[in-house]
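What follows is one structure encoded as structure tokens, with my remarks underneath.
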Amino acid sequence: MGANMARRLKDRGCNVTAIYDALPSAASALAKEIGAAPEDKLAAVTAASDIVFTVVSDDAAQLGIFAESGDSLLVGARGKVFVNCATLTPKTHVEVERRARKAGAATLEGCMASSIPQARAGTLYLMCGGDRDAFNRVKPLLEMLSSSLRYIGSTGQAAQVKALVNMVMNINTAALAEGLGLGAALGLDLDVLREVFAQTGAASQVLKTDGEDMQNRAHECYFSGAHAAKDSTIAWVLGAEAGLNLPLSAATKLQFDRMTALGLGQLDKSGVAELTFKGRHA
């Protein structure tokens, strides 16, 4: 996602100055491609930039790159803006904002409800939360990356909305896998079944993106099962903290947790169908 966002900004004439990645070879390859500097220190990225986009895997990674000591994006960060695009718990976005403010910098949530092709095409659905002045400052860049840009509210609120988006998406994905798996077990024509789903109340965006892949076992990764497990957990925890019973969310979390435990977490989330089609996985 981050690499394609950098490519998109470069295509639109932006001066992308520095690239950092946990895998140095990935940073070097992308930097060479777009004419940026590959950096092996987080502080060097901040020094070379006015605005820094971050896309990491989880809360621990986010807190690591914004560490309060040692090599960190916060070194020399006064006056800089950080746009944090990973799907994280709301409390992590709030903590990163606190650390950044202490360093004289601003942060913005740039939560993405899209996938890799949309990052490259500049058609991301972006939900932003945080300081309104920071949003206005980086808005021209965000508009280059998105076809739908929304300011949600204060820091943490965009992450809450993103968690709910992924909660519903993941529930739909798990439900579709069960429907198609049962259809296959009953000997139904799955091409016909998907057509009927699309024309009735069973229709969903997930049916469009994942239905055929589930049928054909084509699980090239755009959004991994492991990330679906992580994001389902974020939503489930938010529900528990709010005192709500969310049985569908809980069941979906367990299904993606099981997918990951079986070593299938690197597959696209459509790979959850490997757990529901008879004979595919023990």
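The values are calculated or read from the model by the stated rules, or taken from the named source; none is laboratory data. Since this is a predicted model, take the numbers as computed values, not measurements. Quick reminder, even Gly has a Cβ in these numbers, built from the backbone with ideal geometry, and neighbours come from all protein chains shown.
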(message) For Leu141, only one of the following conditions fails: (1) surrounded by 20 or more Cβ atoms within 10 Å (Cβ to Cβ); (2) closer than 15 Å to Val81 by Cβ; (3) in contact (Cβ under 8 Å) with a residue 40 or more places away in the chain. What is its number?
(response) (1)
(request) Output the residues belonging to the range 137-176 that are closer than 21 Å to Val96 by Cβ, in a helix (DSSP H, G or I) and touching a helix residue (DSSP H, G or I) at 6+ places or on another chain (Cβ under 7 Å). (result) Leu141, Leu145, Ala159, Gln160, Ala163, Leu164, Asn166
(message) Can you name every one of the helices (runs of 4 or more DSSP H) wholly within the range 1-119 that holds 2 or more residues which are more than 26 Å from Ala226 (Cβ to Cβ) and either of a type outside the set (Lys, Arg) or outside the structural domain of Val138 (by TED's automatic domain parsing) (or both)?
(response) 2-11, 24-34, 42-47, 90-102
(request) State yes or no: is Arg78 closer than 24 Å to Asn166 by Cα and among the basic types (Lys, Arg)? (result) no
(message) When the residues of the range 156-174 are narrowed to those that are in contact with a Gly (Cβ under 9 Å, 6 or more places away or on another chain) and hydrophobic (A, V, I, L, M, F, W, C), which ends up surrounded by the fewest Cβ atoms within 10 Å (Cβ to Cβ)?
(response) Val161
(request) Give the range 245-261 a look and list any residue that's charged (D, E, K, R) and crowded, with 17+ Cβ neighbours inside 10 Å, or say none. (result) Lys253, Asp257
(request) Count, please, the residues in the range 210-239 that happen to be part of a loop (DSSP other than H, G, I, E, B) and surrounded by fewer than 21 Cβ atoms within 10 Å (Cβ to Cβ). (result) 5
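Does the range 62-76 hold any residues that are surrounded by 15 or more Cβ atoms within 10 Å (Cβ to Cβ) and hydrophobic (A, V, I, L, M, F, W, C), and which are they?
Correct list: Leu63, Ile65, Phe66, Leu73, Leu74, Val75.
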(message) Checking Gly179 against (1) in a helix (DSSP H, G or I); (2) within 30 Å of Ala3 (Cβ to Cβ); (3) not hydrophobic (A, V, I, L, M, F, W, C), only one condition comes out false. Which one?
(response) (2)
